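A.B. asks: Just passing along the structure, written as structure tokens.
What follows is calculated from the coordinates using simple rules that are stated; it is not laboratory data. Keep in mind it's a predicted model, so treat the numbers as computed, not measured. No Cβ is skipped: glycine too gets one built from the backbone with ideal geometry, and neighbour counts run over all protein chains shown.
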Amino acid sequence: MNTVSDKTVDDKAVVQEYFNATGFDRWRRIYGDGEVNKVQLDIRKGHQQTVDTVLAWLQADGNLANLTVCDAGCGVGSLSIPLAAAGAKVYASDISEKMVGEAQTRATTELGQSDNPTFAVQDLEALSGNYHTVICLDVLIHYPQDKAIAMIDHLSNLADSRLILSFAPKTFAYSLLKKIGDFFPGPSKATRAYLHKESNIVKGLEARGWKVQRNAMTKTSFYFSRLLEATR
Ligand code: SAH
């Protein structure tokens, strides 16, 4: 594997494998309500804040019932399920069939048999169609910069009016934290984490005709995520 494209294909395969195996067990628990350790509890709370911020933004606009939403990399449905419950028409997909299976189970438990959200196992770069709003939360952290920009490009083509993204921002402090984390790899660190410069992400959005409208930062001790809403 010595070309850039081979390496990125490899990144995707590794991520998919992770979220179908050890990553599935770890994240299903973090994105759940059972007992977890302190670090995982901190991450659970941070992630919930990100989800709650997105829900609050969409609800504040007061037109949820008319919206089609694509949740790309939906995980166990942490956003898709409440969004569908609030009336949006949600198309949720994820590259991991285990995550999608769990999301479907949770949706049926919480909402009963329903085709909203609609779930599919799909790489976000293979998605097609058009949606009012496309949302991609905490996925870009798994990909290097060039790949993240290619993903934003693809998601841009699916989104009519709004794109909401979150990523781990590359700042001096977080780069340092990541270095320390890489130095002491724990058993759960099976995938690499990539930090992204906010200015690069914004540039990528602007090049595709987007303008950042709302912006939020979630940070707890072990979770940090920059959230951007772009519209056009
Ligand atoms: N967005 C969800 C899940 C975040 S965890 C939430 O915030 O709750 C990251 C998820 O991204 C995992 O479920 C993983 O399987 C998924 N993922 C990673 N790469 C992907 C890709 N190329 N296409 C679709 N999903 C992907």
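A.B. asks: Given contacts defined as C-alpha pairs under 8 Å and at least six residues apart, what's the relative contact order of the chain, whole-number percent?
C.D. replies: Values: 376 pairs, mean separation 46.9, N = 232.
Relative contact order comes out at 20 percent.
A.B. asks: Calculate the tail of P(r) for region 1-126: the fraction of all Cα-Cα distances greater than 19 Å, expressed in %.
C.D. replies: Details: 4221 of 7875 pairs.
For region 1-126, the share of Cα pairs beyond 19 Å comes to 54 percent.
A.B. asks: Taking every DSSP beta bridge with both residues inside region 6-231, roughly what % is antiparallel (nearest 5)? Display every interim value, and only then the final one.
C.D. replies: Details: 14 of 32 bridges.
So the antiparallel bridges in region 6-231 amount to around 45 percent.
A.B. asks: State which entries of K89/K147; K170/K203; K45/K197; K45/K147; K147/K170; K147/K197 exceed 20 angstrom in Cα-Cα distance in the structure shown.
C.D. replies: Values: K89/K147 28 Å; K170/K203 15 Å; K45/K197 24 Å; K45/K147 28 Å; K147/K170 16 Å; K147/K197 14 Å.
Too far apart for the 20 Å limit: K89/K147; K45/K197; K45/K147.
A.B. asks: Then there is this: May I ask you to list the residues of region 123-141 whose amide nitrogen lies under 13 Å from a point 7 Å from Cα along the Cα→beta-carbon direction of N157?
C.D. replies: Label zone hits: 124-130.
A.B. asks: So for the pair A60, T105, with labels modelled 7 Å out along Cα→Cβ, what separation do we get in nm?
C.D. replies: With each label point 7 Å from Cα toward Cβ, the separation is 3.6 nm.
A.B. asks: Given bins 5 angstrom wide, list per bin the percent of all Cα-Cα distances in the chain, short to long.
C.D. replies: The calculated distribution, bin by bin, is 1, 6, 14, 19, 22, 19, 11, 5, 2, 0.
A.B. asks: Hey, another quick one. Connecting C-alpha atoms closer than 10 Å in a GNM of the chain, tell me which of W210, W57, W27 has the biggest fluctuation.
C.D. replies: Judging by the Gaussian network model, the answer is W57.
A.B. asks: How big is D, in µm² s⁻¹, for region 62-114 by Stokes-Einstein at 20 °C and 1.002 mPa s if Rh is the Kirkwood radius over C-alpha pairs? Write down the numbers at each step before the final one.
C.D. replies: Values: Rh = 11.0 Å.
The Stokes-Einstein estimate is 195 µm²/s.
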